[in-house]
Structures are given as C-alpha cells and as structure tokens.
C-alpha cells in the first residue's frame with residue numbers, strides 16, 4: 001500500500017509547481033499572461049517528452065499535432081456554431097475534432113516508424129508537417145492559405161461575455177489541466193509495463209522484440225498520447241484563445257525547436273525535466289522578448305548545441321545524480 | 001498544346017534536377033562517411049543563396065564567381081562546425097548528432113535573419129535566353145545545369161582517381177578496415193564533412209541561378225525535405241545515386257506542377273511543394289525493407 | 001507428451017546468393033541439454049535467429065510445441081516460451097540491472113499475468129541466482145562484459161522459458177570460469193525444470209561437460225546429430241576442425257584429457 005503511493009511521489013513537485021504558478025497568476029494582477037505562457041511551455045514539454053523522452057524517436061514535425069489541434073477546434077466551432085442549442089458544447093466538439101485529427105497524424109507516424117528510425121524518422125516527420133501545410137494551401141481545403149476565422153461565429157453562438165471569459169481565462173486554465181494530465185500520464189507510463197517496454201524500445205529495439213515486446217503497439221501508444229496532449233494544447237491555447245487559424249501561422253517548425261529546448265534543458269525522459277525546462281525557457285523568452293524581441297532562437301540554437309555537448313542530461317538529470325542516495329531522491333524523477 | 005507545355009517544363013525539370021542532385025550529393029557524402037544525417041541541410045543551401053545575392057548586389061560579381069566562393073565558404077563552415085561540435089558527437093547516440101545538426105540549421109537561419117532581415121530578396125542576372133522549339137530557357141538555368149554536371153563529373157573523377165578520394169571511399173565502405181590500412185580516419189571525417197557542406201552551400205548558388213527570387217532566411221526547410229526524399233530515392237550513401245535521383249525528382253516535380261496548374265481551384269505551387277512528402281510516403285509503402293535503421 | 005518441444009524442418013536461409021543455413025532439420029525435446037557446434041560461419045547464429053524470429057527462413061518450418069511459428073513475429077515467440085541470450089550481450093543500457101531482468105519477466109511466458117512489482121521481485125530472485133546482486137540497481141550499461149553476460153542470462157531466465165537458446169555464453173572465459181558456468185547451467189536446467197538449454201559453443205571443454213547431445217554444423221548444413229561422445233569423435237567432425245582425418249587413438253585421448 002505504502003509502496004504504491006510512494007511510487008507517485010515525484011508527481012508532487014510537478015503538480016506543486018503548477019499549483020503555485022496558477023495561484024500566482026490568479027491572485028497577482030497582471031501575472032496571468034506570463035503564467036499562461038509558462039504553462040504552455042511546460043505542457044508542450046511534457047507532451048513532447050512522452051514522445052521523445054520515452055521512445056527515443058525524435059519528431060521534428062511535432063508541431064503538426066499542435067497545428068491539427070488548432071484546426072480541429074476551428075473546424076468544430078465553425079461548423080457547429082450554427083446550432084445554438086449546443087452552447088458551450090461546441091468547444092467540446094472542437095476538442096474532439098482536434099483529438100481525431102491528431103490521431104490520424106499519430107497513426108501515420110507510427111506507420112512511418114515501422115520503416116524508418118533515427119534521423120530518417122525525424123526528417124520524415126518534418127515531411128508530414130510541410131506536406132500537410134502545403135497540401136492545405138495547395139488544395140485549398142480548410143480555408144487554404146487564408147485559413148479559418150471563427151471568432152465571429154463563436155461570439156455569435158455564445159455571446160460576448162462568455163467568449164471573453166473563455167479567451168482570457170478558461171483557455172489558459174485548460175492548458176494547466178493538460179499540463180497536469182501530461183505529468184500524470186508520463187508518470188503512469190513510466191511506472192507501468194508501457195514505460196519498461198518503451199525503455200527497451202529506446203535502447204535496443206531489436207533485442208526488445210526478442211524479449212517479447214510488441215514494439216509497434218507501445219510506440220503507437222506513446223505517439224497517440226503525446227499527439228493528443230499536443231493537440232489539446234493547440235486547440236485551447238491557439239484555437240480557442242485566438243479565434244483563428246491559418247497554415248503559415250501554425251505549421252511552423254520553430255515550435256518544435258522550443259519543445260526540444262524545453263525538454264533538453266530540463267532533462268529528457270525525466271518527469272520534472274520539462275517543467276523545469278519550461279519554466280527556464282518560458283521566463284527567458286518572456287524576458288528576452290522585452291529586451292531583444294525576435295532574438296530568442298538565435299540565442300537558444302547555440303544553447304541547444306551546448307547542452308547536447310556539455311550537459312546532455314539537462315538540469316534535472318544533473319540533480320538526480322547529485323541527489324542519488326539522499327532522501328530527496330524519491331521526489332525527483 | 002498541353003504536351004508541348006509538359007515537354008518544355010520537363011526540360012526545365014531536368015535542368016533543375018541536376019541542381020537538386022548536386023545539392024543532395026553533399027548530404028549523401030556526409031551520411032556515408034560519418035553516419036550523420038545533416039538535418040540542417042537546407043539551411044546551408046540558404047547560405048549559398050545569400051552568398052550569391054550579396055556578391056551580386058553588393059560587389060557586382062557574377063554568380064559564376066560565387067560558385068567557387070561558396071564552395072570555399074562552405075568548406076570553411078564545414079570545418080568550423082566539425083571541429084567545434086561534430087567531432088565530439090561521433091561516438092554519441094544518433095539522437096544527439098541529429099539534434100545538433102538541427103540546431104546548427106536554426107542558428108544559420110537566425111544569423112541570416114539578423115544580417116539580412118526576413119524579407120524575400122532576389123536578383124536579376126539578365127543574361128538572356130535560348131529559344132528551343134518547345135520552350136525558351138533562360139541562360140542562367142543552362143549555366144546552372146552545366147555547373148551541376150561539371151561538379152558531378154569532377155566528384156566522380158576525384159573519388160575514383162585521386163588518393164584522397166579513394167581514402168574517402170574506403171572510409172565509407174569500412175571505417176575500421178580503412179583505419180587499419182593507414183588511412184587517417186579522423187582527418188577524413190573532417191574533410192568529408194567539410195566537402196559535404198561545401199557542396200551544399202555551392203548548390204545554393206546554382207539554385208539561385210535557377211530561381212533567383214524568394215531568397216530569405218527560412219527558405220531552407222523545404223529543400224531539406226526534398227534532399228532527403230532524393231537521397232532515399234537514390235541510395236542513402238551513394239553520391240552518384242543522389243545525382244541521378246535528383247534528375248528524376250526534378251522531372252517529377254515540374255511535370256506535376258504542369259499538371260496541377262491545369263486543375264481548377266487549386267494553387268499549383270504549394271501543392272507541388274507538398275509533393276515531396278507524398279513521394280516519400282509512396283516510397284515507404286512500396287519499398288519497406290530498404291530503409292530500416294542505418 | 002510425444003510432441004517435441006522444438007522441431008525444425010528443412011530450414012534454409014539465404015542472404016542474397018549466400019546460403020547461410022542449408023536444409024537443417026532438428027528436433028529438441030523438453031528438458032534436453034544440447035550443444036550446437038561448428039566452425040565460424042557454419043550458420044549457428046543464423047539458425048538461432050530464425051528460431052527466435054529475427055528473420056524468416058526462405059524454406060522450411062519452425063514448429064514449437066506443435067504450433068507452426070515460422071512466420072510468427074519475434075515478439076510473439078517469447079510468451080510461448082522461447083528465450084534467448086545474445087553472443088554480445090544487449091542490455092537496455094540506461095535501465096538498471098533490476099529493471100532489465102524485470103522486463104524479461106513482464107514480457108515472457110508470464111506476460112499479462114504478473115504486475116510490475118511482481119516482475120521486480122522475480123528479477124531480484126534471478127539476479128541473486130546468477131550472482132550479480134551487488135549490482136542490481138546500477139545502470140546496466142556500466143557493468144563489465146562478464147556481469148552483462150550474467151545479467152543477460154538472468155533476464156532470459158526471468159522470462160520463464162521452456163526453451164533457452166544461449167549463444168556463445170562462454171566466449172572469452174578462462175577454463176575455471178567455464179567450469180563454473182557449466183555447473184551453473186546444469187543447475188538451472190534442474191531447478192527451472194522445463195527450461196532446456198541449447199548452446200552454441202566453440203569451446204569443447206564446455207560442450208563436453210554440458211551437452212547430452214551435440215549437433216555439428218558446417219557450411220550451414222547439419223553434419224552430425226548424436227550423443228556427445230559419438231558426435232565429437234566422428235571422423236567427419238574431426239576433419240572439419242583439424243582439416244584432415246584424425247589419427248584415431250591420439251584423438252580420443254586428447255579430447256578426453258582434463
């Protein structure tokens with residue numbers, strides 16, 4: 001009994017951090033935007049971590065999930081806002097669409113993972129991102145390169161006040177929820193058969209198969225989970241909050257870079273890592289945006305290289321090593 | 001009528017394919033020798049494009065001069081990145097070199113944006129055209145194609161006739177075997193990486209001779225994908241295969257563009273860009289065994 | 001039960017133009033201890049790979065407990081009771097020794113019947129059995145080659161296999177260690193009961209000490225399949241190893257020398 005609960009101790013610092021962030025944003029005036037930004041990066045970091053940290057597969061096109069999430073929400077709201085009786089339900093529909101689209105992409109990636117590994121897989125995922133973006137623009141579906149603006153439809157369906165509340169609070173709040181959910185799933189997977197299977201897949205996929213592990217099944221689980229979480233973030237933080245979507249805005253590789261920075265900084269494959277990384281990166285970005293707007297990637301690209309070369313385990317990885325054998329060890333994972 | 005249009009575009013496609021081929025040869029070389037996929041490939045092409053632009057607009061030098069200049073600049077960049085970053089990562093897991101080359105690419109983009117701004121730029125060489133029965137071809141494209149063929153031939157001779165070239169080939173075939181035969185493998189790694197990058201940057205010049213507009217810091221991404229598809233088509237470690245695959249890809253791309261332009265209600269250019277991915281997907285469906293984990 | 005545990009029927013495996021395994025047929029009963037020997041390149045490891053499912057044979061069938069598993073994907077064979085160690089150990093490096101061995105328990109014949117905690121307990125037992133208890137929480141990538149071999153064996157045992165394929169488990173060991181290993185394997189066979197150990201060995205000392213039956217392979221084909229003494233003194237086998245037919249009296253005394 002005791003054992004089962006103590007297994008989940010590492011969740012405490014994570015959820016604690018989220019709680020503190022939320023309270024700061026909620027109580028202190030003017031802090032909500034920043035806190036929301038931090039939550040955004042933490043959530044993305046945790047979602048990406050389930051993908052890369054656990055499977056070892058790098059998805060350079062990860063932003064596709066976020067983008068599809070945004071599109072899902074946009075399509076859902078645009079089409080269903082006419083049914084006024086649905087009320088706030090259209091958001092749920094949009095969310096479901098987001099998850100559905102993300103599933104398609106995740107399954108596609110699982111299929112690709114059957115054939116490609118390592119760098120090839122990573123680039124093929126960029127391919128999905130570029131392919132999808134230009135296909136939308138080229139075939140002029142989903143609004144083509146102009147995209148979808150559904151803010152008006154949303155306001156009409158729900159009324160100005162509700163929409164205000166949604167965009168200024170509930171959208172960001174749901175990102176917190178997604179972040180917490182991601183942390184929980186991360187932990188749950190790590191402790192279960194799924195986590196062990198994925199570790200084996202990551203270290204030596206062929207040996208894993210001989211040991212009886214259905215590598216495709218577990219990779220697919222990881223991809224789907226990670227994809228859904230990413231799509232959820234996109235649906236809420238981009239879709240619902242902004243009220244519009246267009247390809248050039250969402251299928252942008254540099255968000256994947258941000259995910260990578262967050263996870264590498266914090267420590268890939270760890271639970272606390274993406275949170276730490278999200279905080280460091282989010283704060284740095286916020287601060288840099290004030291002093292030197294537009295320079296974030298210029299600074300972070302070499303930082304990625306430095307981390308890879310000098311400190312590949314990230315902050316939390318280093319912490320884990322330092323704290324090995326101490327009491328605090330069970331809280332850090 | 002459609003057929004002359006198609007045939008004309010196919011010729012253009014073939015010419016462009018030569019450039020694509022040279023662009024991909026660098027990728028294949030690096031992969032063949034050090035087993036690293038240069039995810040920042042497209043960004044190095046972008047560097048070449050900007051070199052051409054700067055030399056033309058600021059220094060008034062023709063792109064033909066930019067070709068060797070770009071090669072030298074590319075090789076210098078290659079050596080720089082190799083000795084600062086890559087050589088530490090030879091023994092590291094694949095993941096890290098993957099991320100490192102990705103980050104290099106991003107760095108190049110941002111530096112370019114810093115220096116040149118994010119706007120789309122272009123230049124006009126104004127060389128005039130050749131007129132054939134079915135189409136007219138700007139001279140610059142012809143030069144670009146000649147440049148690609150010359151490069152490919154030069155590489156062919158270098159690999160098969162020179163000592164250094166053969167040393168590189170031996171490392172591609174069997175690194176340990178080469179080492180035991182006295183080849184200085186570490187130096188070959190560095191040299192191959194530098195040549196690979198040099199070729200890639202140089203191909204950026206050739207590319208602008210073909211498409212002298214749309215030069216901007218973020219133009220590289222699409223080319224990485226194309227190069228990857230071409231490399232997969234042509235054999236991941238074979239630079240010659242990459243060249244021929246490039247020609248084929250150029251043909252397919254332009255052919256497709258012509259056909260797409262005939263379909264009402266679609267935007268042919270973005271659709272053609274997405275084509276690279278669909279080809280890849282098709283390849284993966286059809287040829288599953290060839291690509292599994294290197 | 002009259003059904004053999006493993007039955008290979010005319011297995012042929014080709015790599016391009018090279019015939020690595022040439023019409024090999026073999027039967028293994030539950031509880032047998034068999035040695036497979038042969039010079040380098042005789043196809044032993046390829047045969048193992050076909051049995052564990054790394055690749056399918058061009059011709060022939062693999063039948064496990066009466067079931068045709070020739071085309072069955074590798075990961076489905078482990079739960080049926082097919083275990084394997086590799087010539088060069090393949091630990092899941094970043095995981096601890098305990099976690100590695102637990103993976104064997106989770107996905108082997110007990111798959112679906114044990115929880116993660118149960119698997120860790122099972123792991124502890126086998127870790128102790130093979131004698132690497134001191135390293136149990138260490139990252140498996142940091143172990144010495146011999147320790148890795150022992151972990152590999154523990155992991156395979158945790159799968160609770162009915163048939164264990166051990167690929168050159170004693171390569172590189174000195175004679176004293178080989179003898180202990182031989183005793184150890186005999187012990188496992190007795191204690192674990194159904195697990196049969198089928199080895200691939202160059203080392204005559206081990207084969208002689210361990211195997212009840214020996215299969216000799218050469219150029220991908222099965223040369224001899226008989227009881228240990230009979231197989232190893234067969235003139236054809238001696239010729240394969242020495243390059244010429246033996247001087248019989250000298251050979252017999254040489255091989256049985258301690």
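Read-outs throughout are calculated quantities, based only on the coordinates presented, and are distinct from any laboratory measurement. Not measured: the values here are computed from a predicted model. We place every Cβ from the backbone using ideal geometry, glycine too, and count neighbours over all the protein chains shown.
Values computed for the structure shown
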item	result
Contact order relative to length of the stretch B:66-141, as percent, for alpha carbon pairs under 8 angstrom and 6 or more apart	13
Neighbour-count order for A:286, B:20, A:244, fewest beta carbons within 10 angstrom listed first	A:286, A:244, B:20
Longest to shortest principal axis, alpha-carbon extents of the stretch A:24-81, angstrom	41, 35, 13
Sequence ranges C:59-68, C:33-42, B:118-127, ranked by mean other-Cβ count within 10 angstrom, highest first	C:33-42, C:59-68, B:118-127
Average other protein chain Cβ within 10 Å of Cβ, residues A:309-316	2
Whole-Å distance, taken between Cα centres, linking the stretch B:34-67 and the stretch A:178-225	43
Inter-part distance where the stretch B:186-201 and the stretch A:158-173 are each reduced to a Cα centre, Å	55
Expected 222 nm ellipticity per residue - DSSP helices of 4 or more, -39500 (n - 2.57), all of chain C, to 500	-11500 deg cm²/dmol
Globularity ratio of the stretch C:83-227, using Cα Rg and 2.2 N^0.38 Å	1.06
For the stretch A:50-109 and the stretch C:110-149, distance of Cα centres in Å	41
Stokes-Einstein D in µm²/s, Kirkwood radius over Cα pairs - chain A at 37 °C with 0.692 mPa s viscosity	161
Cα gyration tensor shape for the stretch A:233-325, rounded if a/c is under 1.5, else prolate or oblate	prolate
Chain B, relative contact order in percent, only Cα pairs under 8 angstrom and at least six apart counted	40
Segment residue A:321-residue A:84, length gained on full extension (0.36 nm per residue, minus Cα span)	79.7 nm
Residue exposure sequence - C:101, C:116, B:213 - by fewest surrounding Cβ within 10 Å	B:213, C:116, C:101
Packing-based order for A:220-227, B:69-76, using average beta carbon neighbours within 10 Å, highest first	A:220-227, B:69-76
Ellipticity estimate at 222 nm from DSSP helix runs (n ≥ 4, -39,500 (n - 2.57)) divided over chain A, nearest 500	-23000 deg cm²/dmol
Cα gyration tensor shape of the protein assembly as shown, rounded if a/c is under 1.5, else prolate or oblate by comparing a/b with b/c	oblate
Residue-averaged beta-carbon neighbours from other chains (10 angstrom radius) around A:190-203	5
Order of A:125, B:181 - criterion: other Cβ atoms within 10 Å of each residue's Cβ, fewest first	B:181, A:125
Residue B:132-residue B:64 FRET efficiency (beta carbon distance; Förster radius 25 Å; 0.05 resolution)	0.65
Virtual paramagnetic centre 7 Å along Cα→Cβ of residue C:118, amide N under 11 Å, in the stretch A:1-40	none
Peptide-level mean, for C:75-87, of C-beta atoms on other protein chains within 10 Å	3
Chain B: angle of helix B:268-286 to the longest principal axis, Cα-based, in degrees nearest 10	50
Over the stretch C:9-94, relative contact order from alpha-carbon pairs under 8 Å, at least 6 apart, %	27
Length added when fully stretched, residue A:168-residue A:309, from 0.36 nm per residue minus Cα-Cα	46.7 nm
